[in-house]
Amino acid sequence: MKVGQWATTEIDRDESLWVERACQDDSHAWEQLVARHQEAAFRLAYLILRDADEASDAVQEGLIRAYGSLKRFDLTRPFRPWLMRIVVNVARNRRRSWGRYMGMVKRLFGQMPALSPTFLTPHDQQERNQILWQAIHKLPATHQELIYLRYFLNFSELEMAETVGIPIGTVKSRLHRALDRLRQIIETQFPELKS
Amino acid sequence: MDPLEKELQQMAETFDYPPTPRFASQPQPRPTFVPVRALVWALAVGLFFIGLWAIPPVRAGILQFLQIGSIRIFFTTPTPPPSTLNSPSLPTPTPLYGIDNLAGQTTLADVQTKLDFPIHLPTYPTDLGLPDKVFYQETIGSVLISVWLADDQPTQPRLILYAMQLPDDILGGKFNVQSSQLTQVNGEDAFWIVGKHLLQFYDAQQKPFYQSYRFIAGNVLVWESEAITYRLETSLSLEEAIQIAESLR
C-alpha cells in the first residue's frame, strides 16, 4: 500500500470521529489511528534518523506524546500532519543529541548504523541512487525533511506546511531553495550525477 | 516536474524501507519515556568509559574535544590546525583577523529572504540596536554573521554573533583553546571559551573550508537553540555574554 495514497487536503470525517472517540479513551479508535499512520510515521522517522531501531523508538515516543495531547487536538485540522509534526520533533531531538552519542557508541562496538540504504533497482541505478542519497545529506536538516515529505512520502504542500509548522507559501519557496541547493551540491561535489 | 525532481521521485519509489513495526495500540501512560535499548547501551557506555577513564592516555584522548551543535572545541597544544589530509601541497591559509575580509556583506532585509530560520538578535544591552554590519555565507551551510561596532572605535567589533544552520557533517573546529568551561544558556548546555584561538570549518572528509579560517581574539560563547548553532564573540564577561545570549528575540 503506497504511503502517499492517504495524502489529502480534506479533513477525513471518519478520522475525526476516531480522534473524538480516542479522546474519550476509546482504545479501538486509537488503534485505528495508529494502524492508519504508523507506516508513514516510521518511514519519516527512519529517513531522518537512518536507523530502524532509533526510528521505532522515535515513533513510539511520538505516539505516546500524541496520545497524551489528544484532548488538545483541534478537530477542525487534519490528524496526519499533527501526528507527523510530533514524530518529526522527536526524531530531530534524537538526531541532535542522543543519536550522535549513540552513533559513536555503536561505532565503538562495531555496530555502525547503515548510512547507505538500498534501493530496489538494477545495480547501475542503485549506485546512482546511493550517490544522490549522499548529496541529499549534504543539505541542512530542514531541507532534507522537506524533500522526504514531498518526494518520499508524497505529502501535499498543505500537509507539509502543517507538519513543519510554516505557511504554505514558505513551503514552496523553501522547497525551491532546497532543490536549488541540491543542484549546487551535485554540480560541485557529485558531477557524475549530471550525466 | 524537472529532471531532478523526477529523479528524486524515482529514487523515493524504490527506497527499500525496513519493515514497519507494529506499534502499541494503547500506549501505556508513563511519566517519562525511556527507550530500553538506549538504556542498555547507556549502561554499556558508562561501564566502558569508567574502565577507560582509569587509563591516563585514554583520559586525555577522551577530553580531546567537546562539542555543542556544529562547533567542536579541540583542547590541543598550540600547533597549526590540520590542513586537508589528501592535499598536502595546499598551503596553510592565512587566518582572517577581525571582520575586514569577511565575505558576503549584505543587509538584514536581504538576508531574511535567504534564511530558512528566523533571525534572532539580542535585545540586551538596551543600547545595542541593530547590527552595523551583516554578512551571509552559504559555502558551508546557512551562516548569518551580525556585527556591532564599538562606539569609540568604529572599525573594531563590539560583538559578533554567528547564527549557523549547517549540515550534520560540517563542523566548526576551535583549535588551540587554552581555557573553556561548560555553562548554560536558557537552561541548555553551552561553552565559554576564553582567549585567543583559531576557528576553521571542515567537511565530512576533514577538508577545511579555507575561506572560513579565522583567528579569534576575544571570548566566545557557543550554544544551540532550535537546531541553530550560535557563537557570540565578545570581550565582555561570561555573565554579560549569557545575558546577551538569553536576550535573543
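Please treat every number below as a calculation from the coordinates, not as lab data. Predicted, not measured: the structure shown is a model, and the values here were computed from it. Counting neighbours? That spans all protein chains shown, and the Cβs are built from the backbone with ideal geometry, glycine included.
What's the average, rounded to a whole number, of partner chain beta-carbon atoms within 10 Å of each residue's beta-carbon in A:176-189?
Shielding by partners across A:176-189 averages 2.
Once you average over the residues of A:53-64, how many Cβ atoms of partner chains fall within 10 Å of each Cβ?
Shielding by partners across A:53-64 averages 5.
If you take the beta carbon distance between A:R85 and B:T113 as r and set R0 to 35 Å, what does 1/(1 + (r/R0)^6) give as a FRET efficiency, to the nearest 0.05?
Plugging the Cβ-Cβ distance into 1/(1 + (r/R0)^6) gives 0.90.
Long-range amide H contacts for B:G195: which residues qualify at under 5 Å (H placed 1.01 Å from N, peptide plane, sequence gap of 5 or more or a different chain)?
Excluding prolines and chain starts, which carry no amide H, the hits are B:N219, B:V220.
At a Cα cut-off below 13 Å, give the aspartates and glutamates reachable from A:K138, other chains included and same-chain residues fewer than 8 away excluded.
Candidates past the 8-residue exclusion: A:D180, A:E187, B:E138, B:D168, B:D169, B:D203.
Take each of the peptides B:219-227, A:54-62, A:164-172, A:126-134, average the number of other beta-carbon atoms within 10 Å over its residues, and list them starting from the highest.
A:54-62, B:219-227, A:126-134, A:164-172
For B:R158, which sequence-distant residues (separation of 5 or more, or a different chain) have an amide H within less than 5 Å of its own amide H, given hydrogens modelled in the peptide plane?
B:W148, B:L149, B:A150
Amide H of B:G141: which non-local residues (sequence gap of 5 or more, or other chain) have their own amide H closer than 5 Å, using H built in the peptide plane?
none
Apply the Karplus curve 6.51 cos²θ - 1.76 cosθ + 1.60, θ = phi - 60°, to the phi angles in the stretch B:154-163 and return the couplings in whole Hz, x for Gly and Pro.
Each residue of the stretch B:154-163 in turn: x, 9, 9, x, 8, 9, 10, 10, 9, 10 Hz.
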